[in-house]
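One structure is given here, and the rest of the page talks about it.
The values are calculated or read from the model by the stated rules, or taken from the named source; none is laboratory data. Small disclaimer: the values here were computed from a predicted structure and weren't measured. Ideal geometry is used to build each Cβ from the backbone, glycine not excepted, and the neighbour counts take in all protein chains shown. To get the accessible areas, we keep the full protein, side chains included, count just its heavy atoms, and leave off ligands, DNA and RNA. Shrake-Rupley method; radii C 1.70, N 1.55, O 1.52, S 1.80 Å.
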Amino acid sequence: MNAPRRLHRAAAGVLAVFLAVHIANHLAALGGVEAHVQFMERARRVYRQPVVETVLLLGVVLQALSGLRMVWTGRHRRRGALAWLQAGSGAYLALFLVIHVTAMLAGRAIGGLDTNFYFAAAGLHVWPFVLFFAPYYFLAVAALFVHVGCALRRGQALVAWMSGAGIVVAALIVAVLMGAMVPVAIPATYLRTFGVVASS
Ligand code: HEM
C-alpha cells in the first residue's frame, strides 16, 4: 500500500468514530430538537476536548488532502463504475469537509455562535439558501455511505445496500433539519446570519 493510501486509511480510522456519533446525533433529532441538543451536549464533552478536537481536525485535513491526491494521481488508470463512484464520492466529501468545518469554526470564532442544530438548519429555512443547503447536506451524507461501501471492497451488492441506506438516512436528516418531521423554530440570531431580520 502506498503512503497516501496508508495515510487515508489511518485518518479514516480517526474520523470514523466521530462520524458514527455525528450521524447518530442528527438522527436523534427525529425525536425532537431537544433530543438532538441533549445528545450533542453529551458528545461534545468528548470531541470538544482540545486534544480530541485537534486530532479530529488534523484527521479532517489529512483525509481530504490524501484523498484528493489519490483522485488526481489515479485518474488515468481508474477503471470501472465502482472505482469512479469511490473517487467521485471522495472528491465531494473532501470539498464538503473543507467548507463544513471552516463554516463551523468561523461560526464559533467570528460569529460567536453555538454551532448546534439551529446553526445547521437555519440555511434550510431561508429562501433561496435552501436550494444550496438541501443538496449540499443530502449529498454529503449519501456520499459518506457510498464511499465507505466502496472502501470496504466487498463487491457491488454491499455498495448498493450502503447507497440505499445512505439515501434514506440523508433524506431523513435533511427532512428533520427542514422541519418536515418535527417542529423546528429557528431562533432570530441564526436567521440573521442569512440576512433575515425578524419583525417584532
Ligand atoms: C446533514 C449533514 C450534516 C449536518 C447538518 C452537520 C452539522 C454539523 C454541526 C452543527 C457541527 C458542529 C458540532 C458542534 O458544534 O459540536 C458539525 C461539525 C462537524 N461535522 Fe458535520 N454535519 C453533517 C454531516 C457531516 C458529514 C457527512 C461529515 C463528514 C464527512 C461531517 C463532519 C464534521 C466535522 C469533522 C465536524 C467538526 C467537529 C468539531 O471539530 O467540533 N459532518 N457538523
Conditions (1) over 24 Å from GLY88 (Cβ atoms); (2) within 19 Å of the chain's Cα centre (by Cα); (3) more than 13 Å from the ligand (Cβ to nearest atom); (4) of a type outside the set (A, V, I, L, M, F, W, C); number of the one not met by ASP114: (3)
Sole exception among (1) over 30 Å from VAL184 (Cα atoms); (2) in a helix (DSSP H, G or I) for ARG78, by number: (2)
Any hit, the range 8-17, residues being touching a Lys or Arg at 6+ places or on another chain (Cβ under 9 Å) and not acidic (Asp, Glu): yes
Flag for MET40 being in contact (Cβ under 8 Å) with a residue 24 or more places away in the chain, more than 24 Å from ARG154 (Cα to Cα), open to solvent by less than 70 Å² (accessible area, probe 1.4 Å) and assigned to a helix (DSSP H, G or I): yes
Test for LEU19: is it at pLDDT 95 or above, assigned to a helix (DSSP H, G or I), open to solvent by 30 Å² or more (accessible area, probe 1.4 Å) and near the ligand (Cβ under 8 Å from one of its atoms): yes
Residue tally, condition free of Cβ contacts under 8 Å to residues at least 24 places away in the same chain and more than 15 Å from the ligand (Cβ to nearest atom), over the range 44-82: 10
Those helices (runs of 4 or more DSSP H) lying entirely in the range 86-200 with at least 3 residues open to solvent by 40 Å² or more (accessible area, probe 1.4 Å) and free of Cβ contacts under 8 Å to residues at least 60 places away in the same chain: 130-151, 156-177
